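This report refers to the structure that appears directly beneath it.
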Amino acid sequence: MLHKVFFLAFSAVVLAQPNLSLDSLPSTVKPYQKQLKGVADSISLASAGKKARITDYLIISQSRDTTHVDTTLTMAKYYRFNSQRQDNFAFVSLNNSGQALNPLSLETWQNNTAPSAGFRTKESQRFLPHQMAYYHVPTPLSEVFYKSTQSQGQSTDALITANIHPRLNYAIGYRGHRSLGKYQHQISGRSQLRFTTRYENPNGRYRLRLQIANQKIEQQENGGLDAASIEDFESGSDEFYDRERLGVLHENATNHFTGKFYLLEQDYLVLHTQDSLKIPRLRVGYRAQTNHQDHHFIQSQVFSAYGALVDGVSKPFDHYHYSLRQFDAYAIVTNPLVGWLNAYARHHKYAFTEMHNSSSTIVKEDAYSVGGSWRKDFGGFRFRTDAELALSGNRVGNFINAEIVLPKIANSELTTGIRIQEQHPGFAFERFTSTYADYQWEASPKMEQRTSLYGKLAHPKLGTLSVTATNINHHAYFLQAEADTLLVAPTQSKDAINLFQLDWEGGLKWWVFRWDTKLRAQNVSGNSEAMPLPNFIGRTALYYEDHWFAKAMFLHLGVSAHYFSRFNMRAYHPILSEFVVQPHQELGGYPVVNAFFNAKIRQTRLFLVVEHVNANRKAPNYYAAPGYPYRDLLVRFGLVWNFFQ
């Protein structure tokens, strides 16, 4: 309740913002506008007798890349119209809205070298530090997201941001989600409060940035359909069109996640040019961030398929606490010869505790690393490099990312690069002591290693062609070795895995009709059994777009389809909150067709989607994971509404 009161109190502060024009923006913010990318919009707002343009509403990422608010209606926004607000091209969602996402491709590692807790399915459901944004706006800005869910509930996301002073901005957002679902015991719920602020003093020398996030995720776990109900589901009998009639493995388990994240960053301009522009040359700063997580698996009584409980325990209860604190000292150098260089030294402090097991030892470690980022434009070339190397700590990884964008030739842009990454598999992979006796292990895993070479050729009419070749060593995964048991074991591949991916994304436009598509071909060699992936993923949309009612409304009307080939789809495991490798059952090979009517009226985007219109309930063969059917035909609607004060 406290976070809701806090949210409402801050919304009232919006009314106190002075009206700002572009001319009143701080000089240190104006250079960011050179980086702005996005679709132009028609919005034009009166502000203190002047007009504030849509490009004046800046969104600044943690890595200081800057875009602006975009209220246009595009297919990219249609694909992001979900509770995660992300494009799930390479994922398939479990049945209920807001549940875990089963990966169809190699998941991207973020540039984070510290070991994670594990429980990776929750990453798609929570805010990560790099997803937090700062703002600079000439007038107060609000955004409201709403989407209907399944049976009962709703998915909402509200954001308010304002500049209390031309050099002081705050943004506060709240994301809430609750969906009952169509099957027994699968309620999905989230409550996520986030806050950011940024400040610059009058002469632009001192800067401050702050992030705060408080997140709670609750997921009822039913283990999927039991064997008899799988037969009933696939029979297509009218009796089981009501999916609540189908039996599940258990109706007494729940996964809870609570997390708090804080980041405070301050820097000071030491050197600048002596002319009237006072261009920054050297900044020094300090960054501190803290991440606390609690993972619970609770069950009111034992489920025999998971095995027996350990001695002295009456019912399953697992509680793992993870904490990560990182302290950076950094310097930012800007020079016409050097370009833009950010160098830092980092102190990691991390710990992992099995709270339910009083006899377990706490894993606690301090480690150090150094890293940096470099940007430089040279002629028509653009260079971008990020790196971090561990100095101590046997669980801290490394990464080196280097990318070159070549000058345009015949209106085509070629990008090429290399990524070298080394990462710990996670504490839950290294040591796990569940109250279920068969889910206990302690290992000394090797660091996972990935080396990727990639290239991308983009043309405004022919689309974008991408090629990626990845070599993977010591791949870590959980293996369900036997088909007739739910027991899994942490496994690390002894042989290398090679992954080749070929992507093409593009489309055609004729009159008021458009066709957009994205295709991905994948080939896994080496120890391919350790990384099951479909050979093909495809998505396409055919739609009509036009302005109606004297251009008062812009609309998209059409159908979209998503498809992936059959493969040994990974199984979802509630105790671990992980998708585990199973070599026993091939699934997939079915298209999911949606019909949609999307419209934009002023700064409001409206979405009406009929999901899975081709669902054949007489012969259903669609699954999101073994034992977890994909959703049936479902009508959903919602909106995204921007308010400019």
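The values are calculated or read from the model by the stated rules, or taken from the named source; none is laboratory data. If you're wondering where the values come from, they're calculated on a predicted model, not measured in any experiment. Ideal geometry is used to build each Cβ from the backbone, glycine not excepted, and the neighbour counts take in all protein chains shown. These area figures cover heavy atoms from the full protein model, side chains too; ligands, DNA and RNA do not enter into them. Shrake-Rupley method; radii C 1.70, N 1.55, O 1.52, S 1.80 Å.
Any residue that is within 24 Å of SER116 (Cβ to Cβ) and over 24 Å from the mean Cα position of the chain (by Cα) - is there at least one of those in the range 273-281? Taking every residue of the range 273-281 in turn, none turns out to be within 24 Å of SER116 (Cβ to Cβ) and over 24 Å from the mean Cα position of the chain (by Cα). Selection of first residues in the range 545-561 that are over 11 Å from ALA595 (Cβ atoms) and of second residues that are assigned to a strand (DSSP E or B) and open to solvent by 80 Å² or more (accessible area, probe 1.4 Å), restricted to Cβ pairs under 6 Å at least 6 apart or on distinct chains, gives the following pairs, ordered by first then second residue: PHE554/HIS547. Count, please, the residues in the range 99-110 that happen to be touching a strand residue (DSSP E or B) at 6+ places or on another chain (Cβ under 6 Å) and at pLDDT below 90. Counting residues in the range 99-110 that are touching a strand residue (DSSP E or B) at 6+ places or on another chain (Cβ under 6 Å) and at pLDDT below 90 gives 1.
Residues that are open to solvent by 40 Å² or more (accessible area, probe 1.4 Å) and within 30 Å of ARG198 (Cα to Cα) within the range 215-248 comprise just one, LYS216. Note on the range 145-166: residues that are assigned to a loop (DSSP other than H, G, I, E, B) and surrounded by 19 or more Cβ atoms within 10 Å (Cβ to Cβ) total 2. Inside the range 97-144, residues that are in a strand (DSSP E or B), polar (S, T, N, Q) and open to solvent by 10 Å² or more (accessible area, probe 1.4 Å) make up a count of 1. In the range 249-273, the qualifying residues are those that are loosely packed, with under 15 Cβ neighbours inside 10 Å and among the aliphatic types (A, V, I, L, M), and the one that is modelled with the lowest pLDDT is LEU271. List every residue pair whose Cβ atoms sit under 8 Å apart, with the two residues 6 or more apart in sequence or on different chains, where the first one lies in the range 457-483 and is more than 14 Å from LEU414 (Cβ to Cβ) and the second, anywhere, is acidic (Asp, Glu) and open to solvent by less than 50 Å² (accessible area, probe 1.4 Å). Pairs found: THR468/ASP503; ILE472/GLU448; ASN473/GLU448; HIS474/GLU448; HIS475/GLU448; ALA476/GLU448; PHE478/GLU578. Every test in (1) at pLDDT below 95; (2) surrounded by 19 or more Cβ atoms within 10 Å (Cβ to Cβ) is passed by LEU337 save one, and that test is (2). Taking the criterion of being at pLDDT 95 or above and basic (Lys, Arg), the only residue of the range 533-556 that qualifies is ARG539.
Screening the range 282-318 for residues that are assigned to a loop (DSSP other than H, G, I, E, B), open to solvent by less than 40 Å² (accessible area, probe 1.4 Å) and not hydrophobic (A, V, I, L, M, F, W, C) and picking the one that is nearest to PRO574 (Cα to Cα) gives PRO316. With respect to the stated conditions, GLU611 is within 25 Å of the chain's Cα centre (by Cα) and acidic (Asp, Glu).
Would you check if there is a residue in the range 503-521 being aliphatic (A, V, I, L, M), open to solvent by less than 40 Å² (accessible area, probe 1.4 Å) and in contact with a Ser or Thr (Cβ under 9 Å, 6 or more places away or on another chain)? Within the range 503-521 (the criterion being aliphatic (A, V, I, L, M), open to solvent by less than 40 Å² (accessible area, probe 1.4 Å) and in contact with a Ser or Thr (Cβ under 9 Å, 6 or more places away or on another chain)), the answer is no, since none of the residues qualifies. Against the list (1) open to solvent by 60 Å² or more (accessible area, probe 1.4 Å); (2) more than 30 Å from ARG431 (Cα to Cα); (3) out of contact with any strand residue (DSSP E or B) (no Cβ under 8 Å at 6 or more places or on another chain), the condition PRO583 fails is (2). Selection of the range 619-638 for residues being among the aromatic types (Phe, Trp, Tyr) and within 19 Å of ARG566 (Cβ to Cβ) yields TYR622, TYR623, TYR628, TYR630. For the range 388-411, a tally of residues being part of a strand (DSSP E or B), touching a residue at least 40 places away in the same chain (Cβ under 8 Å) and either of a type in the set (A, V, I, L, M, F, W, C) or more than 15 Å from TYR344 (Cα to Cα) (or both) returns 3.
Quick one: would you say HIS321 is free of Cβ contacts under 8 Å to residues at least 40 places away in the same chain and open to solvent by less than 50 Å² (accessible area, probe 1.4 Å)? So HIS321 fits the description; yes.
Filtering the range 457-502 to residues that are in contact with a helix residue (DSSP H, G or I) (Cβ under 9 Å, 6 or more places away or on another chain), part of a loop (DSSP other than H, G, I, E, B) and surrounded by 15 or more Cβ atoms within 10 Å (Cβ to Cβ) leaves HIS475, LEU486, LEU487, SER493.
Does the range 531-541 contain any residue that is at positive phi and open to solvent by 10 Å² or more (accessible area, probe 1.4 Å)? Within the range 531-541, not a single residue is at positive phi and open to solvent by 10 Å² or more (accessible area, probe 1.4 Å). The sole residue among VAL14, VAL29 that is at pLDDT below 65 and touching a Pro at 6+ places or on another chain (Cβ under 8 Å) is VAL14. When we screen TYR306, TYR286 for residues that are in contact (Cβ under 8 Å) with a residue 12 or more places away in the chain, closer than 30 Å to HIS347 by Cα and among the aromatic types (Phe, Trp, Tyr), the only hit is TYR286.
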